Amino acid sequence: MAFPKMLRLRQKFDCPRIDDIPDEVERQLQSLALGTKVRPGETVAVTVGSRGIANIAVITKAIVAHFKRLKAVPFIVPAMGSHGGGTAEGQRQIIEDYGVTEDFVGAEIRASMETVIVDKTPQGIPVHFDRHAFGADHVVVAGRVKPHTGFVGEIESGLHKMMLIGLGKHEGAKIYHRAITDYSWLEIVKAVADSVLRKCKVVCGVGFVENAYDETALIAAVAPHEFLKRETELLVLAKQWMPRLPFPKVDLLIVDELGKNISGSGMDTNVIGRKYNDHRATDRDNVAVKTIFVRGLTEATHGNACGIGMSEFTNNRTIASVDKRITAINAITGGHAPAASLPISFETDRDVLEAAFPTIGLTDPENARVLHISNTLQLAELLASEAYVPLIEDRDDLEVVEELHEMEFDEDGNLYPVAAATAGVH
């Protein structure tokens, strides 16, 4: 089979970046005058989630340092629903892999899957809250604000979701995702957040927004009474600054890696355009991808392949790296079992491509619109097929950094990843 020729593109995104992160964290927290609320010797639980957040260890260390200056006793709470296999040890391992270790941040990590039921929402739903965080004198809700991969509203993924799913742990995440099948996302998240803010001694939030280059663009310390207003504002910016594919129509999307550190859905549906239907674009999606080929999992996802069910094809080595138990736990807890479904697989990438191209329609493979990306978080550089050349010429946001060449395979018949090719590994 003749495959399309590919060229390397660099996307130019216009977005801000924070250079001195510790200084900005300190400046933001000082603006809240927390010394009037937090007394010397009091404990402060600081949340750390499971996403691959840029500079998360540095941000967390700066939050810890601020409360140490107030002579408080901060500690870290892994806040990630059912991730890490739904175990305390697994969740601790996840944040340590991100560099959030006790030695680096200067605070104890208290990981537990135990929760306290602190309230019941008007819908009759029990409100679960991490036992260690509930026992603290104060709680800092820290998390990235970004578009959610499944829900749409004035708040999607951010501080509210951290209070709902992250601090609700496995038990809370299970009941909330079940409730969302009967009520709207906004109804549930607002009801739970109201209970948490009233009952769980939240002293502040720290929201961060990233730019399209996977860098920290904004950090905002938020007073509890302003969570809803501020997160709504931050979400608008997050949507403006997020990375995107350079073209809205794609016959075949090749993805080097999928993982929970990349996106809650393994691949960000805001990028690939399958937010409302796992296997086709709807009129509400901005991107239409016909077929997806996932080539591997990230190391940081620890075998959690949740979201691989959105792809049509993969290779055998990816299937072999899937931890089916962990993936199933996460998919069931999230209320979307198909996320754990395994796609068709073949031994080599060349075999996969020969099977995948006939699924795109009548277009011959050499004329197909193909994009090859590292993952849905890192889109500054990617490979695009020859079919896109006429669309590139008039785009001042796209730079061709490597001219057309044949698809490159190693001696085993597998594609070189976008990042390895960038680094000149082969």
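The values are calculated or read from the model by the stated rules, or taken from the named source; none is laboratory data. Computed from a predicted structure; not experimentally measured. Heads up, the Cβs are rebuilt from the backbone with ideal geometry, glycines too, and the neighbour counts pull from every protein chain shown.
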### Query
Hey, among the residues in segment 409-423 that are in contact (Cβ under 8 Å) with a residue 40 or more places away in the chain and under 29 Å from the mean Cα position of the chain (by Cα), which one's surrounded by the fewest Cβ atoms within 10 Å (Cβ to Cβ)?
A419
### Query
Looking at segment 312-323, is at least one residue in contact (Cβ under 8 Å) with a residue 40 or more places away in the chain, surrounded by 20 or more Cβ atoms within 10 Å (Cβ to Cβ) and in a helix (DSSP H, G or I)?
no
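Matching residues to (1) touching a Phe, Trp or Tyr at 6+ places or on another chain (Cβ under 6 Å); (2) charged (D, E, K, R):
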position: A133; (1), (2): no, no
position: H138; (1), (2): no, no
position: V145; (1), (2): no, no
position: E156; (1), (2): no, yes
position: L159; (1), (2): yes, no
position: L164; (1), (2): yes, no
position: K169; (1), (2): no, yes
position: I175; (1), (2): no, no
position: K190; (1), (2): no, yes
### Query
If R178 passes every condition in (1) basic (K, R); (2) at pLDDT below 90; (3) surrounded by 20 or more Cβ atoms within 10 Å (Cβ to Cβ) but one, which one does it miss?
(3)
### Query
Where in segment 58-132 are the strands (runs of 3 or more DSSP E), entirely inside, with at least 3 residues that are in the same structural domain as G172 (by TED's automatic domain parsing) and free of Cβ contacts under 8 Å to residues at least 60 places away in the same chain?
73-78, 115-120
### Task
Kindly indicate the residue of segment 145-169 that is assigned to a loop (DSSP other than H, G, I, E, B) and of a type in the set (A, V, I, L, M) and also nearest to H336 (Cα to Cα) among those meeting that condition.
V152
#### Entry: Selection status of I165, in the same structural domain as T216 (by TED's automatic domain parsing) and over 30 Å from I272 (Cβ atoms)
no
### Task
Return yes or no: is T359 surrounded by 22 or more Cβ atoms within 10 Å (Cβ to Cβ) and not aliphatic (A, V, I, L, M)?
no
### So G85, is it within 20 Å of E215 (Cα to Cα), surrounded by fewer than 24 Cβ atoms within 10 Å (Cβ to Cβ) and of a type outside the set (D, E, K, R)
no
### Task
Please tell me if E171 is in contact with a Ser or Thr (Cβ under 9 Å, 6 or more places away or on another chain), surrounded by fewer than 24 Cβ atoms within 10 Å (Cβ to Cβ), in the same structural domain as T60 (by TED's automatic domain parsing) and modelled with pLDDT of 85 or more.
yes
### Task
May I ask you to say which residue of L258, L252 is in contact (Cβ under 8 Å) with a residue 24 or more places away in the chain and farther than 21 Å from I94 by Cα?
L252
### Query
Would you pick out the residues in segment 12-26 that are crowded, with 17+ Cβ neighbours inside 10 Å, in contact with a Ser or Thr (Cβ under 9 Å, 6 or more places away or on another chain) and part of a loop (DSSP other than H, G, I, E, B)?
I18
### Summary
For segment 296-311 the number of residues that are touching a Phe, Trp or Tyr at 6+ places or on another chain (Cβ under 9 Å) and either surrounded by 19 or more Cβ atoms within 10 Å (Cβ to Cβ) or outside the structural domain of N261 (by TED's automatic domain parsing) (or both) is 1
### Message
Checking the structure you have, find out if any residue of segment 232-250 is within 19 Å of the chain's Cα centre (by Cα) and of a type in the set (S, T, Y).
### Response
yes
### Message
Could you list, ordered by first residue, the pairs with Cβ atoms under 8 Å in which the first is in segment 32-43 and over 10 Å from V203 (Cβ atoms) and the second is in a strand (DSSP E or B) and not charged (D, E, K, R), at least 6 apart or interchain?
### Response
G41/V73; T43/V73; T43/P74; T43/F75; T43/H138
### Message
Tell me whether segment 338-346 contains one or more residues that are in the same structural domain as P365 (by TED's automatic domain parsing), closer than 26 Å to I94 by Cβ and under 17 Å from the mean Cα position of the chain (by Cα).
### Response
yes
### Summary
When restricted to I53, I63, the only residue at pLDDT 95 or above, buried (at least 21 other Cβ atoms within 10 Å of the Cβ) and under 19 Å from I219 (Cα atoms) is I63
### Query
Cβ-Cβ below 9 Å, separation at least six or inter-chain, first residue in segment 181-199 and of a type in the set (F, W, Y), second part of a helix (DSSP H, G or I): which pairs?
Y183/A191
